[in-house]
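Here the structure is laid out as structure tokens; the discussion comes afterwards.
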Amino acid sequence: MQPFTTLTGVAAPLPLANVDTDKIIPARFLKTIKRSGLGVHLFDTLRFDENGAERPEFVLNQEPYRHAEILIAHENFGCGSSREHAPWALLDFGIRCVIAPDFADIFHTNTFKNGILPIKLPREICDQLMDDAKLGGNARITVDLAAQEVVRPNGERIKFEIDPFRKHLLLNGLDDIGQTLQHTPAIDGYEARQRAEKSWMPDISVS
Amino acid sequence: MARTLFDKVWDAHVVERLPDGTCVLYIDRHLVHEVTSPQAFEGLRMAGRKLRRPDAHIAVVDHNVATSDRRLPIAEPESRLQVETLEANVAEFGMPYFPLLDERQGIVHIIGPEQGLSLPGMTIVCGDSHTSTHGAMGALAFGIGTSEVEHVMATQTLLQRPAKNFLVEVNGALPVGCTAKDIVLAIIGKIGTAGGTGYVIEYAGDTIRALDMAGRMTVCNMSIEGGARAGMIAPDHVTFDYVRGKPFAPKGEALDRAIAYWKTLPADAGAVYDKHLAIDATTLAPMVTWGTNPEAVIAITGTVPDPAAEADEGKRAQLARMCEYMALTPGQKIADLPIDVVFIGSCTNGRIEDIRAAAAIAKGRHVAPGVRALVVAGSGLVKAQAESEGLDKILLDAGFEWREPGCSMCLGMNPDKLTPGQRSASTSNRNFEGRQGPGGRTHLVSPAMAAAAAVTGRLVDVRELN
Ligand code: SF4
């Protein structure tokens, strides 16, 4: 996983609440067995019309937002399904950070696993950043993960909260399976205890 | 300290608590389907890892499969590839699997409880948000993304932080015509699509207690639509009776020991919840969604809300967009709206009880002209049971289609889809734009309401037919 340290880039304003994962990537594009290549389908129905032509009014079809690395949205971003295709599509498009008042739980977890930083900030601040983003290419926003700060184009620094463990993994680009495998002796011990105490629990074998 | 049901199941699965509060949480059961697993298997392969515990997993194909003749190959190449990839992966990694032609095949959330693979007190995960269904067993069950799927495969654990506790109490006798689906739609209408974010919901109260396991699964299934990652119901004699005799469930003395443990799981007196909601079931009516998320729900006797009455600008725009997409006018009455398609099935309402409810309405009636009505059992065993009760015959005689098990028209990944502009009454769980096919318009309802819509050709109050 690519580490996330600091990012300075164009932010795309997406002033919508409850952006669901079907909107981020519709189900018909989930028939892939790969993680890559989904960026072309990001926000498919918002981005393209029935004939596959771009909808010029959609923000990601406009300059400079075609090159956006940050997305700013409203409440409950990423609600709906558990599909990790949603962060894969964002990442493949080039989005490394989403800022919103809050996120749906599974989507929130999924972003971290893919080196995307989800930042929760109060609605008023998201609205300020949304206004900054609307200024376009000259109004770049910086995200500094180590300092836990978003820097507005006017230089104002805004603090954000993040879980320390997730921050550590993201800053160092660590694979969390590798982290967990360091706890193998404890997992072995748990399993042995469970087999003794809950021996009623069935193992699965299918013939 | 007094603990909730969630607290107890959580505590029993903490392998290690890291200094910042993150826990290594042991996972007892992992359910796998073809859509969210290929990249996880690929990740294992690249890292040279194996399944830590093959006997804790069960795989099945459901999302991509056609619900027509099973002996024919899957026509759509990408769908076929996903199914074949799962088959190759389960063979390579030694994961238990119910193949497409096995009678036990079905929707992943139907087969877990049906096979006795989902049991009280377990931690259960799946790369699918409706894993919340299994919480009806008194398990902690939640959806995960593909990276976490790979994590469970490799380590049999997840890195998690505990959720907060949300108690939803439903009391009072359920009015005639109302079902578990109406209860959960009403709850989502009250808390909103993000009302449960960060929480595990425990459903309690005498109305919930009075539900059978199918109804409890319907309620827990839609917890995710209220933003909660999981929903749970304390196990009781209804749960134990359900488990008894299921193929993989413990038997005899082992079952006695299991039940003794399960009886310790309900919340202690005085357990503290972070959030509460009380619902008076006697005030409920059959519900129907009018908009494009499950919170946009009204009673069948209601009218489409007026966006202009909404103070918040963003919400106003969203409501207006919903009216436009759904081709509805503010203030319009929802009953009598003509529909094109009826879908009865999915992990929300694809169990035998749901098919019985639909057949009870269909009996002696006929699907309205111009309406296509599909009934899709949630599993091969549900289908067989329905056929042994003659329900297939009643439904076929009434002009319904009787199809092979799978996710079907719940989502637009297989051949069962809405075409642009078509309007459906559906027993599934999501009415997002394009969910049942691009441009499709979905109204979520209970199985009885869906069957009533099929035979009248419009959204109708099922109580008018009784
Ligand atoms: S029936 Fe629908 S919600 Fe349930 S698992 Fe299948 S696609 Fe998902």
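The values are calculated or read from the model by the stated rules, or taken from the named source; none is laboratory data. Since we're looking at a predicted model, the values are computed, not measured. Here the Cβ positions follow ideal geometry from the backbone for every residue, glycine too, while neighbour counts run over all protein chains shown.
Worth a mention:
- The condition of being within 21 Å of the chain's Cα centre (by Cα) and without any contact (Cβ under 8 Å) to a residue 40 or more places away in the chain holds for only one of B:G227, B:G231, that being B:G227.
- Taking the criterion of being part of a loop (DSSP other than H, G, I, E, B), near the ligand (Cβ under 10 Å from one of its atoms) and away from chain A (no Cβ under 12 Å), the only residue of segment B:406-426 that qualifies is B:G406.
- Every residue from segment A:167-186 that is facing another protein chain (nearest Cβ under 10 Å), in contact (Cβ under 8 Å) with a residue 40 or more places away in the chain and assigned to a helix (DSSP H, G or I): A:L169, A:D176
- Residue that is surrounded by the most Cβ atoms within 10 Å (Cβ to Cβ) [pool: residues in segment B:217-259 that are assigned to a strand (DSSP E or B) and within 16 Å of the ligand (Cβ to nearest atom)]: B:G231
- Scoring B:E401 on the criteria (1) away from every other protein chain (no Cβ under 14 Å); (2) within 14 Å of the ligand (Cβ to nearest atom) leaves a single failure, condition (2).
- Here B:V376 meets the list (1) surrounded by fewer than 21 Cβ atoms within 10 Å (Cβ to Cβ); (2) closer than 24 Å to B:P113 by Cβ almost entirely, failing just condition (1).
- B:R104, sole failed condition from (1) more than 10 Å from every other protein chain (Cβ to nearest Cβ); (2) touching a Phe, Trp or Tyr at 6+ places or on another chain (Cβ under 8 Å); (3) not aromatic (F, W, Y): (1)
- Restricting attention to segment B:410-428, the residues being farther than 22 Å from B:A360 by Cα and either small (G, A, S) or buried (at least 19 other Cβ atoms within 10 Å of the Cβ) (or both) number 10.
- Any hit, segment B:140-160, residues being more than 30 Å from B:G43 (Cα to Cα) and out of contact with any strand residue (DSSP E or B) (no Cβ under 6 Å at 6 or more places or on another chain): no
- Residue match in segment A:7-18 (condition: surrounded by 24 or more Cβ atoms within 10 Å (Cβ to Cβ), within 8 Å of chain B (Cβ to nearest Cβ), in contact (Cβ under 8 Å) with a residue 60 or more places away in the chain and closer than 24 Å to B:T146 by Cα): yes
- Some residue of segment B:436-448 being assigned to a loop (DSSP other than H, G, I, E, B), within 16 Å of the ligand (Cβ to nearest atom) and aliphatic (A, V, I, L, M): yes
- Pairs meeting the criteria (first residue in segment A:46-73 and closer than 28 Å to A:L145 by Cα, second residue at pLDDT 95 or above and of a type in the set (F, W, Y), beta carbons under 7 Å, at least 6 apart or on different chains) are A:V59/A:Y65; A:L60/A:F43.
- Filter pass, B:A377 being more than 16 Å from the ligand (Cβ to nearest atom) and more than 25 Å from A:K23 (Cβ to Cβ): no
- Test result for A:R28, free of Cβ contacts under 8 Å to residues at least 24 places away in the same chain and within 16 Å of the ligand (Cβ to nearest atom): yes
- Single condition B:Q385 does not satisfy, out of (1) within 16 Å of the ligand (Cβ to nearest atom); (2) surrounded by fewer than 18 Cβ atoms within 10 Å (Cβ to Cβ): (1)
- Restricted to segment B:1-101, the set of helices (runs of 4 or more DSSP H) holding at least 1 residues that are facing chain A (nearest Cβ under 9 Å) and of a type in the set (A, V, I, L, M) comprises B:38-47, B:77-93.
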